[in-house]
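A.B. asks: First the structure, then my questions, so here it is.
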Amino acid sequence: MKSIWQSIFLFVALSTFSLTVSADEYFGRFLDQLKGAFIADAEPRPQFKIEQDFRFEDPNGLLWLTPSGTHVDGASIPQFFWSIIGGPFEGAYINASVIHDHYCHTKERTAHDTHRNFYYGMMASNVPEWKADLMHWAVSTFGPSWKLEKRVVMNQNCIATGSNDKICTNVPTIQMVTVSEPSVDLANPEVLALAISKTNAVARTLLTSNGKVLDVSSAGQVNSNLTSIESNAANYRKLFQSPEIVNQTDSLGLLSQANKTSLASIQPWADNKIPSYTEAKVLTHDFAAPKGNGLPFKLDAGSRAVILNNVDLQAIESNSRVMIKLQ
């Protein structure tokens with residue numbers, strides 16, 4: 001059996017780029033065929049080296065360029081998510097991942113625009129809408145985040161007045177400064193277990209609704225569109241960054257036991273029906289005992305003691321090749 005890296009390399013060598021996914025909506029187009037090679041022994045993770053400029057034109061006509069010689073390693077996609085999607089450089093995601101990874105590294109455009117362009121790239125590559133929505137939500141919730149802010153910087157301007165003399169004045173100039181924002185601590189086992197449970201619930205809800213419904217909160221269903229995905233992700237990001245996340249029981253909405261480790265094998269909710277928040281069972285010792293049933297659940301004040309019993313972190317670690325700091 002070929003290794004995953006051999007399979008990916010073969011895909012890159014044979015892949016062609018797509019322009020649009022439908023006649024109804026235009027998501028942009030890749031202007032080049034992706035050419036590159038994997039460096040399997042790179043540390044701390046394998047890398048992909050771009051061998052010629054790789055460009056994407058988004059639906060607004062803005063050009064996104066990953067220059068020749070760039071090394072990307074998929075770090076822009078949270079590694080626990082690799083256990084679901086199978087890796088950032090597999091299948092139809094690879095073109096969008098290369099552009100996304102580069103701009104997450106350079107941060108020359110905002111995180112919002114970079115993550116949204118990731119969605120455009122996936123849709124332009126014929127990724128099914130529910131999967132593109134899920135991955136857009138995941139990188140916006142758990143991926144890198146930053147802002148570009150205008151700052152006044154004092155620069156010294158000097159004028160020579162003689163052979164060795166000069167007059168210097170401080171001149172204010174406006175510069176664009178990158179301001180990194182806090183990340184979600186996925187090294188915390190409780191946070192990771194909740195992130196996996198939430199991601200599985202979102203994945204199953206999107207699949208069941210064919211991309212029409214994103215989430216189920218305590219207030220009801222949340223429809224899926226670009227605005228709601230970004231708003232929902234921003235709210236969850238703040239929640240997952242909070243040290244009180246495990247005590248904010250209603251805020252996480254509907255969760256799902258994790259019983260699949262591949263996006264290709266994610267299953268719809270039972271009977272192809274999205275559960276309501278009210279009908280979901282509360283996570284307890286009894287409910288958490290049978291791992292892997294894929295049942296919907298919610299939290300209450302007593303759920304913290306059994307959160308780690310509900311997710312097989314060792315399996316996630318094995319599938320994502322990530323060392324999780326188990327306590």
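The values are calculated or read from the model by the stated rules, or taken from the named source; none is laboratory data. This structure is a prediction, so every number in the text was calculated from the model and none was measured. In this analysis, Cβ positions are derived from the backbone assuming ideal geometry, glycine residues included, and neighbour counts consider all displayed protein chains.
A.B. asks: Step by step: first the residues of region 130-172, then only those that are of a type in the set (Ser, Thr, Tyr) and at pLDDT 85 or above, then the one that is surrounded by the most Cβ atoms within 10 Å (Cβ to Cβ). Which residue is that?
C.D. replies: Filtering region 130-172 down to residues of a type in the set (Ser, Thr, Tyr) leaves 140-141, 145, 161, 163, 169.
Pick out the ones that are also at pLDDT 85 or above and you get 140-141, 145, 169.
Working: Ser140: 24, Thr141: 27, Ser145: 24, Thr169: 10.
Among them, the one singled out is Thr141.
A.B. asks: Moving on. Scan region 225-269 for residues that are at pLDDT below 95, over 12 Å from Val202 (Cα atoms) and β-branched (Val, Ile, Thr) and report the count.
C.D. replies: Looking only at that region, the number is 4.
A.B. asks: Further, regarding this structure: Within region 168-175, does at least one residue satisfy the condition of being assigned to a strand (DSSP E or B), in the same structural domain as Ala305 (by TED's automatic domain parsing) and more than 23 Å from Val306 (Cα to Cα)? Reasoning before the result, please.
C.D. replies: Residues of region 168-175 assigned to a strand (DSSP E or B): 168-175.
Filter once more, keeping what is in the same structural domain as Ala305 (by TED's automatic domain parsing): none.
So far as region 168-175 goes, no, none of its residues is assigned to a strand (DSSP E or B), in the same structural domain as Ala305 (by TED's automatic domain parsing) and more than 23 Å from Val306 (Cα to Cα).
A.B. asks: Any chance region 48-59 includes a residue that's assigned to a helix (DSSP H, G or I), in contact (Cβ under 8 Å) with a residue 24 or more places away in the chain and either over 17 Å from Leu206 (Cβ atoms) or under 13 Å from the mean Cα position of the chain (by Cα) (or both)?
C.D. replies: No.
A.B. asks: Return the residues of region 179-190 that are among the β-branched types (Val, Ile, Thr) and either surrounded by fewer than 14 Cβ atoms within 10 Å (Cβ to Cβ) or at pLDDT below 90 (or both); say none if nothing qualifies.
C.D. replies: Narrowing region 179-190 to residues among the β-branched types (Val, Ile, Thr): 179, 184.
The answer is Val179, and nothing else.
A.B. asks: Turning to a different aspect of this structure: For region 99-108, indicate whether the set of residues that are among the charged types (D, E, K, R), touching a residue at least 40 places away in the same chain (Cβ under 8 Å), surrounded by fewer than 24 Cβ atoms within 10 Å (Cβ to Cβ) and touching a Phe, Trp or Tyr at 6+ places or on another chain (Cβ under 6 Å) is non-empty.
C.D. replies: Within region 99-108, one or more residues are among the charged types (D, E, K, R), touching a residue at least 40 places away in the same chain (Cβ under 8 Å), surrounded by fewer than 24 Cβ atoms within 10 Å (Cβ to Cβ) and touching a Phe, Trp or Tyr at 6+ places or on another chain (Cβ under 6 Å).
A.B. asks: Exactly one of (1) touching a Ser or Thr at 6+ places or on another chain (Cβ under 8 Å); (2) in a helix (DSSP H, G or I); (3) over 21 Å from Glu230 (Cβ atoms) is unmet by Glu190. Its number?
C.D. replies: (1)
A.B. asks: Going by the conditions given, is Asn223 of a type in the set (S, T, N, Q) and under 20 Å from Pro128 (Cβ atoms)?
C.D. replies: Working: of a type in the set (S, T, N, Q): yes; under 20 Å from Pro128 (Cβ atoms): yes.
Criteria met by Asn223.
A.B. asks: Can you report the number of residues in region 231-250 which are without any contact (Cβ under 8 Å) to a residue 60 or more places away in the chain and surrounded by fewer than 17 Cβ atoms within 10 Å (Cβ to Cβ)? So that I can check it myself, show each step before the final result.
C.D. replies: To start, the set of residues in region 231-250 that are without any contact (Cβ under 8 Å) to a residue 60 or more places away in the chain comprises 231, 235, 238-239, 241-245, 247-250.
Narrowing further to those that are surrounded by fewer than 17 Cβ atoms within 10 Å (Cβ to Cβ): 231, 235, 238, 241-244, 247-248, 250.
Selection size over region 231-250: 10.
A.B. asks: Residues of region 126-156 being touching a Leu at 6+ places or on another chain (Cβ under 6 Å) and of a type in the set (Lys, Arg), which ones?
C.D. replies: First pass over region 126-156, keeping only residues touching a Leu at 6+ places or on another chain (Cβ under 6 Å): 130, 133-134.
Scanning region 126-156 gives no hits.
A.B. asks: So, one more: Would it be correct to say that His136 is in the same structural domain as Ser76 (by TED's automatic domain parsing) and under 30 Å from Gln248 (Cα atoms)? Don't jump to the end; show me each part of the working.
C.D. replies: Details: in the same structural domain as Ser76 (by TED's automatic domain parsing): no; under 30 Å from Gln248 (Cα atoms): yes.
Considered against the rule, which asks whether it is in the same structural domain as Ser76 (by TED's automatic domain parsing) and under 30 Å from Gln248 (Cα atoms), His136 comes out as no.
A.B. asks: Run down Ala13, Ala40, Ala75 and say which single residue is among the small types (Gly, Ala, Ser) and modelled with pLDDT of 75 or more.
C.D. replies: Of Ala13, Ala40, Ala75, the one residue that is among the small types (Gly, Ala, Ser) and modelled with pLDDT of 75 or more is Ala40.
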